[in-house]
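What follows draws every value from the coordinates through simple rules; no lab data is involved. Please read all numbers here as calculations on a predicted model, not as lab measurements. All Cβ positions, glycine included, derive from the backbone under ideal geometry; neighbour counts span all protein chains shown.
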Amino acid sequence: MNKKTVWRIAGFAVLLPAALLFPLVGNNFIIRFGTDMLMFAIMASAWNIIGGYTGYASFGNVVFFGIGAYITAVVMEKAGLPFWAAYMAAGGGAALFAVLIGLPVLRLKGHYFAIATLGVAEAMKALVQNLKITEGNAGIYLPMLDMPIRTQYYFFFYIMLATLIVTLLATHFLLRSRLGYALIAIREDEDAAESIGINTTVAKTIAFALSGLFTGLAGSVHAYQQAFIKPDSVFTVHITVKMLVMAVFGGMGTLFGPLLGACSIEVISEFLSNYFLVAHTLFFGAIVILAIVFTPRGMIDLFSQRRLSIAYFLQNIREHRI
């Protein structure tokens with residue numbers, strides 16, 4: 001067992017009990033805040049599979065979030081099926097959509113791929129706005145959860161937590177597999193990866209499908225929790241930007257980096273919005289910029305290196321030509 005695996009196991013051992021006990025010591029607002037934090041941790045981790053490990057920076061991952069949300073709404077409201085059926089359908093539907101669009105758009109690279117995925121997300125938003133089954137811009141209501149209010153908060157928190165755990169475990173085992181090594185090889189040099197026999201098309205498509213699967217599951221839980229969704233709320237590019245920033249802030253290409261980034265960004269954003277109501281966006285942007293300038297490999301690198309010093313920051317600036 002290598003050192004990295006030991007650190008991952010230790011991380012799970014510390015974080016899991018803390019997460020399980022978190023709702024028991026907070027009020028409804030704190031639990032809801034924690035649920036949102038978990039949701040973005042799932043999406044940042046899912047984006048990390050295609051953006052961090054494979055090197056394909058998707059600007060349209062929100063499309064999987066929106067598809068997961070709308071599949072859940074349609075399956076529950078129109079078909080009358082329970083949430084668990086809608087939850088599975090949402091993940092599967094998002095993954096299938098990722099495969100269908102991945103086959104053509106993953107042939108593109110760099111900013112061409114980023115623009116193409118952004119266009120797909122906007123096109124899907126326009127489609128949903130004009131479909132009768134999704135009730136267009138009017139939005140669609142979902143059945144209410146028949147539980148006491150406090151129990152509902154627990155329910156959504158633990159469902160989101162379970163989804164995050166599955167996402168992290170799947171990513172961990174992915175990295176230890178031949179597919180994981182293939183994805184990293186593609187990120188480093190795709191032409192070289194092809195030259196040694198890696199089927200890059202299949203590997204990239206699987207990575208994109210996994211990214212879509214977990215993002216769709218997060219969208220499913222979010223839709224049921226909200227009990228009402230509309231296109232503008234689940235297909236906004238702001239969600240993609242947020243998950244991307246969280247992954248970069250925490251540390252792309254690492255297991256716990258996106259989780260750390262999601263928790264940090266959500267806490268910082270909430271703090272600034274409460275105490276700097278007018279200029280919180282300015283302060284928030286400044287913090288993110290400073291963090292990326294001085295720790296380009298993410299906050300996870302700062303903690304793993306255990307080197308909080310001026311020399312560490314200056315070294316990062318020199319190495320990355322900032």
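When the chain is treated as a GNM with alpha-carbon contacts under 10 Å, the residue of Ala114, Ala138, Ala123 showing the greatest mean-square fluctuation is Ala138.
Ordering 151-159, 204-212 by mean Cβ neighbour count within 10 Å, with the highest value first, yields 204-212, 151-159.
Using Cβ point charges alone (K and R +1, D and E -1), the dipole size of region 3-250 about the Cα centre works out to roughly 340 debye. The distance separating the Cα centre of region 66-142 from that of region 227-267 comes to 18 Å. For region 139-296, what does the alpha-carbon gyration tensor say about shape, rounded, prolate or oblate, given a ≥ b ≥ c as the root eigenvalues, a/c under 1.5 as rounded, and a/b over b/c as prolate? Taking the square roots of the gyration eigenvalues as a ≥ b ≥ c, region 139-296 is oblate.
In terms of packing, defined here as the mean over residues of other Cβ atoms within 10 angstrom, the peptides 250-256, 237-243 line up highest first as 250-256, 237-243.
Label separation (Ala85 vs Ala170): 2.2 nm, computed from points 7 Å beyond Cα along the C-beta direction. Think of region 3-250 as a dipole: +1 on every Lys or Arg Cβ, -1 on every Asp or Glu Cβ, centred on the Cα centre; then among Met147, Pro104, Gln129, Met147 lies furthest on the positive end. Among the helices of the chain, those built from whole DSSP H runs whose Cα atoms reach 24 Å or more along their own axis and whose mean Kyte-Doolittle hydropathy is at least 1.0 are 3-21, 83-105, 149-175. Projecting the Cα atoms of Phe208, Val234, Val14 onto the dipole axis of region 3-250, where Lys and Arg carry +1 and Asp and Glu carry -1 at the beta carbon, places Val14 farthest toward the positive end.
One quarter of the convex hull surface, Cα atoms only: what value does that give for region 9-122 in nm²?
On the way: hull surface 37.5 nm².
Reported value for the Cα convex hull: 9.4 nm².
When a footprinting reagent is the concern and you count Cβ atoms within 10 Å, what order do His172, His222 take, fewest first? Write out the running numbers ahead of the final one.
On the way: His172 16, His222 24.
Placing the least packed residue first, the sequence is His172, His222.
Here the relative contact order of the chain, from alpha carbon pairs under 8 Å that lie six or more residues apart, stands at 29 percent. Over the chain, with a Gaussian network built from C-alpha contacts below 10 Å, which listed residue (Leu38, Leu217, Leu96) shows the highest mean-square fluctuation? Highest fluctuation among the options: Leu96.
Globularity index of region 64-122 is 1.33 (Cα radius of gyration / 2.2 N^0.38 Å, N = number of residues). Quick check on region 3-250: take the gyration tensor over C-alpha atoms, sort the square-rooted eigenvalues as a ≥ b ≥ c, and tell me if it's rounded (a/c under 1.5), prolate or oblate. Oblate, since a/c reaches 1.5 and b/c is not below a/b. Checked against a 20 Å cut-off, the cross-linked pairs Lys132/Lys242; Lys125/Lys242; Lys204/Lys242; Lys125/Lys230; Lys109/Lys204; Lys132/Lys230 give Cα-Cα distances beyond that limit for Lys132/Lys242; Lys204/Lys242. Using R0 = 25 Å, the C-beta based FRET efficiency linking Leu24 and Ile287 works out to 0.25. One decimal place: the segment Ile149-Phe33 gains 40.2 nm when fully extended, by the rule 0.36 nm per residue minus the C-alpha distance.
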